[in-house]
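> What follows is a single structure, and I will ask about it in a moment.
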Amino acid sequence: MSERVILKTPRLSFVMRDEGDAPLVQQLHSTMATTRYLPGKAPWSHEKAEERLRGWFEEQARDSTTKYKLLAEDGSFIGRAGISRFRSEQFELGYSLREAAWARAWRPRLQARWPAGSSNGSLQQVSSPSPILKTSPRSASSRKSACANARGS
């Protein structure tokens, strides 16, 4: 089955998910670092990845929003990014990246295209009109991004 590309930039492709993507979802959320801000705060099993993938398909059918599969220019899977429902009447613009992709500096490239981001890729619209930026104090790039976003650059 050929991949349905939704958005393509010179470095990234946003691609529709398919039912066989559970191994990629598990790979994405297989470390404590990539799950620390997610419910459960533990690496995902294959069963959890399949369950969540089914949930994303249901959310897409219901809300017409999803987090797309994110591929690097070489076609390798690096994470997910897009829009999803957050709580009952709010939406989230966010991304999650495989821990192996962090060193490749994808986060700054995504943040340059979106108004804010965080160490785990979650951008949350809460009760204010501006997004909340969560950063990791141990990460120099995270602190740099936070400062740039605070300045509006």
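> How about the range 40-79: which of its residues are under 20 Å from P10 (Cβ atoms) and either within 13 Å of the chain's Cα centre (by Cα) or of a type in the set (S, T, N, Q) (or both)?
Within the range 40-79, Y68, K69, L70, L71, S76, F77, I78, G79 qualify.
> Mind checking which residues of the range 1-27 are in a helix (DSSP H, G or I) and of a type in the set (A, V, I, L, M, F, W, C)?
Residues satisfying the conditions are A22, L24, V25.
Quick note: the coordinates plus some simple rules give every number you see, no bench work behind them. Keep in mind that this is a model prediction, so the values were computed, not measured. Positions of Cβ are generated from backbone atoms using ideal geometry, with glycine treated the same way; all protein chains shown enter the neighbour counts.
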